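**Q** To start, I am sharing the structure in question, which I have written as structure tokens.
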Number of protein chains: 2
Amino acid sequence: MAEVTLKDVARASGCSVATVSRVLAGTRPVGAETARTVREAAERLGYRPNHVARALRRRATGTVGLVLPQITNPFFPALVRELEHALHAAGRAVLLADCDDDPATEAARIAEFLDRQVDALLLIPVDERRSREAVADAARRVPVVLLDRGCGPGVADSVAVDNAAGMQLVLDHLAAAGRRRPWFVGAAGTTTTAAERRAAYEAGAAALDPEAPGRVELGDFSVAWGRAAVDRIWPSRPDAVVCANDLIAVGALQRLRQLGADVPGEVAVTGFDDVPLAGLADPALTTVRQPVTELAAEAARLLAERSAGGVPSDGAGPSRAIRLAPQLLVRASG
Amino acid sequence: MAEVTLKDVARASGCSVATVSRVLAGTRPVGAETARTVREAAERLGYRPNHVARALRRRATGTVGLVLPQITNPFFPALVRELEHALHAAGRAVLLADCDDDPATEAARIAEFLDRQVDALLLIPVDERRSREAVADAARRVPVVLLDRGCGPGVADSVAVDNAAGMQLVLDHLAAAGRRRPWFVGAAGTTTTAAERRAAYEAGAAALDPEAPGRVELGDFSVAWGRAAVDRIWPSRPDAVVCANDLIAVGALQRLRQLGADVPGEVAVTGFDDVPLAGLADPALTTVRQPVTELAAEAARLLAERSAGGVPSDGAGPSRAIRLAPQLLVRASG
DNA sequence: ATGAAAGCGCTAACAG
DNA sequence: CTGTTAGCGCTTTCAT
């Protein structure tokens with residue numbers, strides 16, 4: 001398996017390595033006849049460009065680092081899939097890092113990817129505050145796009161669903177259905193998703209009932225918390241449990257059923273994200289669908305634009321925050 | 001952000017780039033005093049080795065390609081997570097590819113990773129037959145480890161759960177519970193998991209009932225198929241529905257409940273894999289847990305061993321097929 | 001133990 | 001349009 005190099009192709013096709021490079025990389029115009037000869041020789045020898053050498057010379061590896069909190073979070077696989085496809089279509093390979101929801105690990109992975117000369121970074125920050133420094137450092141070196149969650153204003157370009165709009169869709173729907181005693185079950189962490197969804201509930205729930213904005217329980221984004229939260233709020237007989245994500249909602253659904261509550265007759269339950277689990281719950285979960293494909297496409301586009309200039313995120317123009325509209329999926333749970 | 005190179009450190013520490021390289025890469029013994037000076041200078045200047053240049057020179061990138069059928073398959077995220085951790089611990093970065101369950105895409109991704117000079121490949125083949133050629137080609141170039149699914153004998157090292165043992169655990173459990181009319185609901189595709197689980201059912205089900213091995217319905221690994229399969233087998237009143245994976249089992253569970261069947265009183269339902277969804281189903285699914293962490297650790301170990309020789313998979317000794325013991329999780333569904 | 005020098009395979013000036 | 005010439009940043013002989 002002696003690797004075939006440009007030099008071999010040059011020798012076989014009787015021209016210089018420079019010409020071969022130009023033909024094969026398509027960098028500059030080349031005589032049609034020469035090009036054919038070269039391509040033939042390359043084909044015949046089974047030449048494959050060495051991306052490492054190319055990267056060293058071009059100072060661009062054609063890779064982007066994707067750093068996320070936890071791939072086992074059920075919302076992420078679909079996003080990763082779409083990102084992988086979008087980036088591959090743009091000719092870039094994806095280096096993946098899972099941070100175990102730990103900002104220190106996240107910072108280490110980001111640094112490692114930078115050492116590996118990624119052209120850009122796609123980050124889903126673990127935490128709005130504690131990720132900020134590492135993200136800002138990274139954004140000083142390469143284009144960075146934040147996904148799904150933010151990291152403070154102006155740190156880098158970001159793409160996310162419009163959480164406030166999504167929560168408003170839920171509230172409008174509940175209002176139209178005549179629900180008047182909603183409770184919000186959210187997450188206490190400092191992710192932007194947790195904060196924005198909660199804030200949107202507090203801002204919009206008064207339309208159902210003046211007391212509603214105060215009815216908030218905060219835990220984490222888990223099924224277990226959903227179950228536990230129901231035990232805390234059920235005594236006050238809510239007619240709607242508005243959950244900050246689908247995992248919480250699934251837990252709430254389970255516990256409500258154990259308690260013999262009638263969903264949705266007696267109480268509605270809503271989620272957020274539309275993870276695969278949501279459609280499988282019983283009753284199927286009314287939730288807010290994130291436009292995953294579009295999120296990935298926008299992220300890829302931002303990355304391409306920043307990369308075109310070859311500048312780090314903070315080097316060219318103000319950072320852009322793109323918010324995509326969500327969609328309400330009304331299913332059986334409310 | 002002018003990048004600090006070895007040359008800069010050499011200048012700052014008053015010695016040659018060779019010495020600096022030796023100190024920082026730890027390749028060869030170096031005077032204690034010199035080493036200290038160099039390290040100090042490197043620290044002070046914020047030197048970070050350029051992995052691309054290093055890779056070109058060493059002919060090793062420190063990356064491994066992970067190619068899988070579909071990250072949205074709920075069994076994979078946990079596996080990806082463990083693999084990422086195990087490989088990172090070994091100092092290797094992970095390039096990720098999602099093939100959309102398509103062998104042609106898979107072949108293309110593998111080739112692309114090879115062009116990018118990955119040191120090794122971790123593959124979950126899309127299909128036992130149709131992936132074989134691309135896998136065999138790859139195994140001729142770099143160490144390859146197959147995960148979860150096989151690709152024909154002797155093609156490359158492989159690590160997977162012992163599917164036959166897992167199915168036997170299920171059958172033993174059902175037999176002990178007095179079940180005598182089991183049906184198997186599996187997948188028709190040509191993945192090894194589909195084939196092995198089905199074969200193990202056919203081999204072991206006679207212990208429950210001589211007719212049982214023939215009671216097999218084949219579709220695909222999906223919730224929808226689980227639902228559909230129940231409609232086909234329910235008229236013959238099985239007392240156990242043995243499913244080839246958890247998705248099928250969840251579908252079966254849903255449909256059985258719609259039909260008013262009593263699970264597990266009237267009919268038991270079992271799955272395979274123990275995806276997160278399994279514990280959340282109602283009733284919670286009795287299933288076979290795959291030892292995900294151990295699978296990842298074994299895969300990383302095989303990779304490291306093969307890589308130590310720097311040889312492709314078929315270059316050193318016979319290929320090894322490692323099978324890990326599964327564990328039965330008895331939950332409420334049977 | 002250290003330094004000088006030769007590349008890894010490729011691309012980008014710069015000439016012609 | 002094409003060839004010649006320098007390297008990219010690093011590791012590794014080969015001397016000393």
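The values are calculated or read from the model by the stated rules, or taken from the named source; none is laboratory data. Not measured: the values here are computed from a predicted model. Quick reminder, even Gly has a Cβ in these numbers, built from the backbone with ideal geometry, and neighbours come from all protein chains shown. Heads up: the accessible areas ignore ligands, DNA and RNA and are worked out on the full protein's heavy atoms, side chains in. Shrake-Rupley method; radii C 1.70, N 1.55, O 1.52, S 1.80 Å.
**Q** So what's the projected area for region B:178-327, the Cα convex hull averaged over all directions, in nm²? Show your work: numbers first, answer last.
**A** On the way: hull surface 40.8 nm².
Orientation-averaged projected area of the Cα hull: 10.2 nm².
**Q** May I pose another question? Can you name the residue in chain B whose Cβ lies closest to the B-to-A rotation axis, and give that gap in whole Å?
**A** In chain B, the Cβ lying nearest the symmetry axis toward A is B:LEU96, 2.
**Q** Here is a further query. Say a label goes 7 Å from Cα toward Cβ at B:GLU40 in every copy; what distances in nm does this one have to the rest, shortest first?
**A** Label-point separations across copies, in nm and ascending: 6.4.
**Q** Still on this structure: Out of region A:1-104, which GluC sites (Glu not before Pro) are coil in DSSP terms and have no more than 15 other C-beta atoms within 10 Å? Walk me through the numbers on the way to the answer.
**A** On the way: sites: A:GLU3, A:GLU33, A:GLU40, A:GLU43, A:GLU82, A:GLU84; in loops: A:GLU3.
Those that pass, being in a loop and sparsely packed, are A:GLU3.
**Q** Continuing with the same structure: If eta is 1.567 mPa s and T is 4 °C, what Stokes-Einstein diffusion coefficient results for region B:6-49, Kirkwood Rh from Cα pairs, in µm²/s? Display every interim value, and only then the final one.
**A** Working: Rh = 9.8 Å.
Estimated via Stokes-Einstein, D reaches 132 µm²/s.
**Q** Using amide H atoms built in the peptide plane, which far-off residues or other-chain residues are under 5 Å from B:VAL161 H to H?
**A** For B:VAL161, whose amide H was placed from the backbone, the distant partners under 5 Å are B:ASP148, B:LEU324.
**Q** Using θ = phi - 60° and the Karplus curve 6.51 cos²θ - 1.76 cosθ + 1.60, what whole-Hz ³J(HN,Hα) does each residue of region A:32-48 get, with Gly and Pro shown as x?
**A** Karplus values, whole Hz, x for Gly and Pro: 4, 5, 4, 4, 4, 4, 4, 4, 4, 4, 4, 4, 4, 7, x, 5, 10.
**Q** Nearest 100 Å², what total accessible surface is buried between chain B and chain A (probe 1.4 Å)?
**A** Numbers: alone 15520 and 15550 Å², together 26870 Å².
When B and A are taken together, about 4200 Å² of accessible area is lost.
**Q** Sticking with this structure for a sec: Enter the mean projected area of the convex hull around the alpha-carbon atoms of chain B, in nm², rounded to one decimal. All intermediate terms of the calculation are to be shown ahead of the outcome.
**A** Details: hull surface 81.0 nm².
For chain B, averaging the hull's shadow over all directions gives 20.2 nm².
**Q** For label points placed 7 Å from Cα toward Cβ, what is the shortest-first list of nm distances from B:PRO235 to its copies?
**A** 5.4
**Q** Give me, ordered by chain and number, the residues 5 or more places off A:ALA93 or on other chains with an amide H under 5 Å from its own placed amide H.
**A** A:THR63, A:VAL64
**Q** Right, next: Which shape class applies to the protein assembly as shown: rounded if a/c is under 1.5, otherwise prolate when a/b exceeds b/c and oblate if not, where a ≥ b ≥ c are the square roots of the Cα gyration tensor eigenvalues?
**A** On the way: a/c = 2.13, a/b = 1.34, b/c = 1.59.
It is oblate, given that a/c is not under 1.5 and a/b is not larger than b/c.
**Q** Suppose the chain between B:ALA89 and B:ALA188 were pulled fully straight at 0.36 nm per residue; how much longer would it get relative to their current alpha carbon spacing? Before the final figure, lay out the partial values.
**A** Working: separation 99, 0.36 × 99 = 35.64 nm, distance 3.78 nm.
31.9 nm is the gain from fully extending B:ALA89 to B:ALA188.
**Q** Also, I was wondering about something else. If r is the Cβ-Cβ distance from A:ALA177 to A:ARG232 and R0 is 30 Å, what FRET efficiency results, to the nearest 0.05? Could you put the intermediate results ahead of the total?
**A** On the way: r = 24 Å, r/R0 = 0.79.
After rounding, the FRET efficiency stands at 0.80.
**Q** Right, something else. Summarise the partner chain shielding of B:52-60 as one whole number: the mean count of Cβ atoms from other chains within 10 Å of each residue's Cβ. Please list the in-between numbers first.
**A** On the way: counts 15, 5, 4, 9, 7, 2, 1, 3, 1.
Counting other chains' Cβ atoms within 10 Å and averaging over B:52-60 gives 5.
**Q** In square angstrom, what is the accessible area per residue of the protein assembly as shown with a 1.4 angstrom probe?
**A** Numbers: 26870 Å² over 668 residues.
Result: 40 Å² of accessible area for each residue.
**Q** May I pose another question? Of all the accessible heavy-atom surface of the protein assembly as shown, with the other protein chains kept in place and a 1.4 Å probe, what percent is carbon and sulfur? Provide the component values of the computation, followed by the final result.
**A** Details: 13950 of 26870 Å².
C and S fraction of accessible area: 52 percent.
**Q** Now for a separate question. Identify, among B:PRO77, B:ALA41, B:VAL94, the residue whose Cα sits farthest towards the positive end of the charge dipole of region B:38-101, taking +1 on the Cβ of Lys and Arg and -1 on the Cβ of Asp and Glu, with the dipole about the Cα centre.
**A** Projecting each Cα onto the dipole axis, the largest value belongs to B:ALA41.
**Q** I would also like to ask the following. In whole Hz, with x marking every Gly and Pro, tabulate ³J(HN,Hα) for region B:83-94 from phi via Karplus 6.51 cos²θ - 1.76 cosθ + 1.60, θ = phi - 60°.
**A** 5, 4, 5, 4, 6, 4, 4, 8, x, 10, 9, 10
**Q** If you don't mind, there's one more thing I want to ask. For region B:15-30, take each phi angle, set θ = phi - 60°, evaluate the Karplus expression 6.51 cos²θ - 1.76 cosθ + 1.60, and give the result in whole Hz per residue in order, putting x for glycine and proline.
**A** 9, 7, 4, 4, 4, 4, 4, 4, 5, 6, 8, x, 6, 9, x, 8
**Q** Could you give the longest part of chain A that holds none of the trypsin sites (Lys or Arg not before Pro) found in DSSP loops with at most 15 neighbouring Cβ atoms within 10 Å? Walk me through the numbers before you get to the answer.
**A** Working: sites that count: A:ARG59, A:ARG129, A:ARG180, A:ARG320.
That would be A:181-319.
**Q** How large is the dipole of region B:224-334 about the Cα centre if only Lys and Arg carry +1 and Asp and Glu carry -1, each at its Cβ, rounded to the nearest 20 debye?
**A** Values: 11 positive and 12 negative charges, 25 e Å.
Roughly 120 debye for region B:224-334.
**Q** Still on this model: Can you give me the relative contact order of chain B as a percent, contacts being Cα pairs under 8 Å and 6 or more apart? It would help to have the intermediate numbers written out before the result.
**A** Working: 654 pairs, mean separation 55.2, N = 334.
Worked out over chain B, it gives 17 percent.
**Q** A follow-up question, please. Name the residue from A:ALA206, A:ILE124, A:ALA104 whose Cα lies farthest towards the positive end of the charge dipole of region A:99-216, charges +1 on Cβ of Lys and Arg and -1 on Cβ of Asp and Glu.
**A** Of the options given, the answer is A:ALA206.
**Q** Would you pull out the residues with amide H under 5 Å of B:ALA187's amide H, same chain only if 5 or more places away, H placed 1.01 Å from N?
**A** Hits under the 5 Å cutoff: B:GLY219.
**Q** May I pose another question? Loop only per DSSP, at most 15 neighbouring Cβ atoms within 10 Å: give me the GluC sites (Glu not before Pro) in region A:122-225, ordered by residue number.
**A** A:GLU211
**Q** Within a 10 angstrom radius of each residue's Cβ in B:278-286, how many Cβ atoms of other chains show up on average? Whole number is fine.
**A** Numbers: counts 0, 1, 9, 4, 6, 0, 1, 0, 0.
Shielding by partners across B:278-286 averages 2.
**Q** Positive end of the dipole of region A:214-269, charges at C-beta (+1 Lys, Arg; -1 Asp, Glu), about the Cα centre: which of A:PHE221, A:CYS243, A:LEU259 has its Cα farthest in that direction?
**A** With unit charges placed on the Cβ atoms, the residue in question is A:LEU259.
**Q** Could you identify which residue out of B:ASP274, B:ASP102, B:ASP127 has the top mean-square fluctuation in a GNM of chain B using Cα springs shorter than 10 Å?
**A** Highest fluctuation of the listed residues: B:ASP102.
**Q** Oh, and also: How big is the charge dipole of region A:6-49 about its Cα centre, in debye rounded to the nearest 20, if each Lys and Arg gets +1 on its Cβ and each Asp and Glu gets -1 on its Cβ? Please list the in-between numbers first.
**A** Details: 8 positive and 4 negative charges, 23 e Å.
It works out to roughly 100 debye.
**Q** On average, how many beta carbons from a partner chain sit within 10 Å of the beta carbon of a residue in B:116-124?
**A** Values: counts 10, 7, 2, 0, 0, 0, 0, 0, 0.
Counting Cβ atoms of other protein chains within 10 Å of each residue's Cβ and averaging gives 2.
**Q** Same structure, new question: Once fully extended, how much extra length lies between B:LEU218 and B:ARG57, figured as 0.36 nm per residue of separation less the alpha-carbon to alpha-carbon distance? Don't skip to the end; give the middle numbers.
**A** Working: separation 161, 0.36 × 161 = 57.96 nm, distance 5.21 nm.
Full-extension gain reported as 52.8 nm.
**Q** For region B:105-243, just the Cα atoms, rotate onto the principal axes and tell me the three extents in Å, largest first.
**A** For region B:105-243, the Cα extents along the three principal axes come out at 55, 26, 18 Å.
**Q** Per residue of chain A, what 222 nm ellipticity follows from adding -39500 (n - 2.57) for every DSSP H run with n ≥ 4, rounded to the nearest 500? Could you put the intermediate results ahead of the total?
**A** Details: 13 runs with 150 residues, N = 334.
Mean residue ellipticity, 222 nm, calculated: -14000 deg cm²/dmol.
**Q** Nm distances between the label at A:PRO276 and the same-position labels in the remaining copies, 7 Å along Cα→Cβ, shortest first?
**A** So the distances to the same position in the other copies read 1.1 nm.
**Q** Give the relative contact order (percent, whole number) for region B:163-289; include only Cα pairs under 8 Å separated by 6+ residues. The partial results should precede the final answer.
**A** Working: 246 pairs, mean separation 31.1, N = 127.
For region B:163-289, the relative contact order is 24 percent.
**Q** Another question, if that's okay. So, R0 is 25 Å and r is the distance between the beta-carbons of B:ALA308 and B:GLU133; what FRET efficiency does that work out to, to 0.05? Walk me through the intermediate numbers first.
**A** Working: r = 27 Å, r/R0 = 1.09.
The value I calculate is 0.35.
**Q** If you place +1 on the Cβ of every Lys and Arg and -1 on the Cβ of every Asp and Glu, how big does the dipole about the Cα centre of the protein assembly as shown come out, in debye to the nearest 20? Write down the numbers at each step before the final one.
**A** Values: 78 positive and 82 negative charges, 444 e Å.
In total the dipole reaches around 2140 debye.
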